[in-house]
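Undergrad: This is the structure I want to talk about, given as structure tokens.
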Amino acid sequence: MDRTFQVDLRGVVDLLSHHLYGSPRVYVRELMQNAVDAITARRAGEPDAPALVRIFPPELTGDGTLRVHDTGIGLTEAQVHELLATIGRSSKRDELGFSRHEFLGQFGIGLLSCFLVADEIRVVTRHADEPTVLWTGYADGRYAVEVAPAAQQRPEIGTTVTLVPRRDADQWFATATVTELARLYGSLLPVTVRVGDTVTTTGGPPWPTAPGTGVDRPALARYARQLLGVDPFDVVPLSVPEAGLTGVAFILPTPVNPAARAGHRVYLKRMLLTEHADGLLPDWAFFAHCVIDAGELRPTASREALYEDALLTATREALGEQVRGWLVRLARHDPRRLGEFLQVHHLGVKALAVHDDEMLRLVDRWWPMETNVGTLTLAEFRQRHGVLRYAASLDEFRQLAAVAAAQDLAVVNAGYTYDTELIERLPTVDRSVLIERLEPSDLTTRFDAVDPAVELALRPFLAAAQRALERLGCEVVVRAYDPVSLPALYLVSRSAAFNDQLAATRDAADELWGGVLDALAASAPPDRPQLVLNHRNPLVRRVTTLDDPELVGLAVEALYGQALLLGHHPIRAADAALLNSSFLGLLGRAVPGRE
Ligand SMILES: Nc1ncnc2c1ncn2[C@@H]1O[C@H](COP(=O)(O)OP(=O)(O)OP(=O)(O)O)[C@@H](O)[C@H]1O
């Protein structure tokens, strides 16, 4: 024998309140939704029927209950038995069980949400010329149906739902709360909703909802200010007909963290679904905040998020294209504005460009980079200088920018966050891009050697200078280069920097590791940092002609110290001691007199 499932309503209500709905406040939404659906159903056959929902919280009814009146289609006695008494039964599905897209409801559980805040629900309903039917449901699962006696017949078609609040749920029934919730969920509904005398609907979305309608930018800017508290950088109208979607993307005027998405405001058939929808736009569009209304996207059963299906995926792509289109138009028609946009969002755009080719192209073409030949985009730099030569750290750039420029060597400062990664990724999206990391020691190959006769004459000086710096592991060379004002450059190739680090680690390591590191050091090329003295600099020339070996030593040490400081190189203990002794030595020489 077939049997029918028994349902324990208390268990179901507990399930709804603790696991489905985020808050009991959704009861206001579900009541408005049923009222609007009933009006929609009535107006399908009776287009001029009144369309009004009136809500009276306990402070206005005066009898402790909340009442919602609608001018909708109402229910017959048979429908009351079938629809109100069966969990999961809905009049809003077609014969095949699919939700009918003119209605907001679809699951047949919405009314149950009222039990989150009420012990008892009463429905008084009249369909067409049928008698008025009274239905009363209790949170423990009992219900009663009766045809109203003659004295209680409803004069008008429609339904009144009455909630008897649970004792601990009073806060959800305060007039101010109900008004606020009616506004929050239902302000865009196509049917007028009133809480007492206060109209909570605004007559529809402030963005264009029909093709060809103009965008009222000032109105949208006002709307954004209300919503986000700021004037948007720009407003992008959105439309995806397949999803019955219209809306607007506000381009945010201040930087946002792409990883911490605030979410979008989504309405389904003009009823608020959520203020925090995730995944409506592709990740790269983090700088846009959307407000949309969609007729065809599906909610999850809690009606607090979008259901992830093929239509949502296609919608996300279409919306992404529209935001991308805005960026492209901006680049084409208003590069100055695009520049302003990037000034605000460059960190986020760059963070995404590390993975997203489209964003990388945007940065390449539009983001102004610091170079030693002025501010240029990477694309402009390549056009003018061919190879994209870059310094990978701020210190390296500062150290070498002026000297490189004097050698006609253009260099990009890729020392800021993400810049090196982005430059190194460029050849993967465009094979024609050539990149080259500037190796400090490459510069010496560009410096002129001094005249052989001068070189010969410099030998004794060089020997003395080398003696002064030998213990610091530095090699002294003399070259002629610009700028003339620069007396000396301290250049460390990357392998020399590696050797330095190795030596420091070797000193701190124990026997076993020491041996391993020694072997590594032996395999590394004997590459030493160089102090490159500039023979074009008048002071250096004078130093090279000094006869006094002690003064030569002091001068070379001072030039070494100054070059270290200028290039922002790390100062080791030995360097600090040397800086100190050379300074005091020179001072001693400079200040005449006896003790
Ligand atoms: N105010 C109303 N006027 C007319 N019929 C109503 C009213 N409220 C509820 N009903 C009927 O009761 C049924 C069940 O309502 P309920 O809110 O539980 O589910 P639903 O609206 O169909 O779907 P959902 O769970 O998605 O809200 C509805 O399908 C509708 O036929």
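The values are calculated or read from the model by the stated rules, or taken from the named source; none is laboratory data. From a predicted model like this one, the values you see are computed outputs, not experimental measurements. Don't worry about glycine lacking a Cβ; one is built from the backbone with ideal geometry, like all the others, and counts go over all protein chains shown. Each accessible area value is taken on the protein alone, full model and side chains, heavy atoms only, with ligands, DNA and RNA left out. Shrake-Rupley method; radii C 1.70, N 1.55, O 1.52, S 1.80 Å.
Undergrad: Within the bounds of the stretch 51-62, is there any residue that is more than 13 Å from the ligand (Cβ to nearest atom), hydroxyl-bearing (Ser, Thr, Tyr), farther than 24 Å from residue 157 by Cβ and more than 39 Å from the chain's Cα centre (by Cα)?
TA: Checked against the condition, which is being more than 13 Å from the ligand (Cβ to nearest atom), hydroxyl-bearing (Ser, Thr, Tyr), farther than 24 Å from residue 157 by Cβ and more than 39 Å from the chain's Cα centre (by Cα), the stretch 51-62 yields no hits at all.
Undergrad: Only residues that are within 9 Å of the ligand (Cβ to nearest atom) and open to solvent by 30 Å² or more (accessible area, probe 1.4 Å): list them for the stretch 96-105, please.
TA: 99, the sole residue that qualifies.
Undergrad: Let me ask something additional. What strands (runs of 3 or more DSSP E) lie completely within the stretch 465-581 and have 2 or more residues being modelled with pLDDT of 90 or more and touching a Lys or Arg at 6+ places or on another chain (Cβ under 8 Å)?
TA: By residue number, 475-480, 530-534.
Undergrad: What is the one condition in (1) surrounded by 14 or more Cβ atoms within 10 Å (Cβ to Cβ); (2) among the aliphatic types (A, V, I, L, M); (3) farther than 30 Å from residue 8 by Cα that residue 35 does not satisfy?
TA: Unmet condition: (3).
Undergrad: Looking at (1) touching a residue at least 12 places away in the same chain (Cβ under 8 Å); (2) closer than 24 Å to residue 304 by Cα; (3) surrounded by fewer than 18 Cβ atoms within 10 Å (Cβ to Cβ); (4) not basic (Lys, Arg), which is the only condition residue 178 fails?
TA: Residue 178 satisfies every listed condition except (3).
Undergrad: Residues to consider are 55, 73, 87; find the one that is among the β-branched types (Val, Ile, Thr) and open to solvent by 60 Å² or more (accessible area, probe 1.4 Å).
TA: Only one candidate passes the filter, namely 87.
Undergrad: Of (1) within 16 Å of the ligand (Cβ to nearest atom); (2) open to solvent by 50 Å² or more (accessible area, probe 1.4 Å), residue 306 satisfies all except one. Which?
TA: If we test residue 306 against (1) within 16 Å of the ligand (Cβ to nearest atom); (2) open to solvent by 50 Å² or more (accessible area, probe 1.4 Å), just (2) comes out false.
Condition check ((1) surrounded by fewer than 22 Cβ atoms within 10 Å (Cβ to Cβ); (2) within 12 Å of the ligand (Cβ to nearest atom)) across all residues:
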site: 108; (1), (2): yes, yes
site: 114; (1), (2): no, yes
site: 130; (1), (2): yes, no
site: 134; (1), (2): yes, no
site: 142; (1), (2): yes, no
site: 147; (1), (2): yes, no
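Undergrad: Something else now. Return the residues of the stretch 83-95 that are part of a loop (DSSP other than H, G, I, E, B) and either within 42 Å of the chain's Cα centre (by Cα) or near the ligand (Cβ under 8 Å from one of its atoms) (or both); say none if nothing qualifies.
TA: 87, 88, 89, 90, 91, 92, 94, listed by residue number.
Undergrad: Here's something else I'd like to know. Taking the residues in the stretch 331-352 that are at pLDDT 90 or above and open to solvent by less than 20 Å² (accessible area, probe 1.4 Å) as candidates, determine which candidate is farthest from the chain's Cα centre (by Cα).
TA: Restricting to residues being at pLDDT 90 or above and open to solvent by less than 20 Å² (accessible area, probe 1.4 Å), the top hit is 338.
Undergrad: Inside the stretch 63-82, can you point out the residues that are of a type in the set (D, E, K, R) and either in contact with a His (Cβ under 6 Å, 6 or more places away or on another chain) or near the ligand (Cβ under 8 Å from one of its atoms) (or both)?
TA: In the first step, residues of the stretch 63-82 are kept if they are of a type in the set (D, E, K, R); the result is 63, 67, 70, 77, 82.
The one that is of a type in the set (D, E, K, R) and either in contact with a His (Cβ under 6 Å, 6 or more places away or on another chain) or near the ligand (Cβ under 8 Å from one of its atoms) (or both): 70.
Undergrad: For residue 122, indicate whether it is open to solvent by 60 Å² or more (accessible area, probe 1.4 Å) and within 10 Å of the ligand (Cβ to nearest atom).
TA: Answer is no for this residue.
Undergrad: Now for a different question. Out of curiosity, is residue 188 open to solvent by 10 Å² or more (accessible area, probe 1.4 Å) and at negative phi?
TA: no
A quick yes/no check of all residues on (1) of a type outside the set (A, V, I, L, M); (2) surrounded by fewer than 22 Cβ atoms within 10 Å (Cβ to Cβ):
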{"residue": "267", "(1), (2)": "yes, no"}
{"residue": "281", "(1), (2)": "no, no"}
{"residue": "285", "(1), (2)": "no, no"}
{"residue": "295", "(1), (2)": "yes, yes"}
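Undergrad: Here's something else I'd like to know. Could you check, for the stretch 27-40, whether at least one of its residues is within 11 Å of the ligand (Cβ to nearest atom), of a type in the set (Phe, Trp, Tyr) and not assigned by the TED database to the domain that holds residue 307? Talk me through it step by step, then tell me what you get.
TA: Within the stretch 27-40, the subset within 11 Å of the ligand (Cβ to nearest atom) is 27, 29-40.
After this cut, where a residue has to be of a type in the set (Phe, Trp, Tyr) as well, the list is 27.
Right, trim to not assigned by the TED database to the domain that holds residue 307 and you get 27.
There is at least one residue in the stretch 27-40 that is within 11 Å of the ligand (Cβ to nearest atom), of a type in the set (Phe, Trp, Tyr) and not assigned by the TED database to the domain that holds residue 307.
Undergrad: Among the listed residues 459, 425, 446, 431, identify the single one that is out of contact with any Cys (no Cβ under 9 Å at 6 or more places or on another chain), under 23 Å from residue 349 (Cα atoms) and without any contact (Cβ under 8 Å) to a residue 40 or more places away in the chain.
TA: 431
Undergrad: Looking at the stretch 201-216 only, could you name the residues that are surrounded by 19 or more Cβ atoms within 10 Å (Cβ to Cβ) and under 17 Å from residue 39 (Cα atoms)?
TA: 201
Undergrad: Out of (1) away from the ligand (no atom under 16 Å from the Cβ); (2) open to solvent by less than 10 Å² (accessible area, probe 1.4 Å); (3) small (Gly, Ala, Ser), what's the single condition that is false for residue 158?
TA: (1)
Undergrad: Exactly one of (1) closer than 21 Å to residue 123 by Cα; (2) crowded, with 16+ Cβ neighbours inside 10 Å is unmet by residue 183. Its number?
TA: (1)
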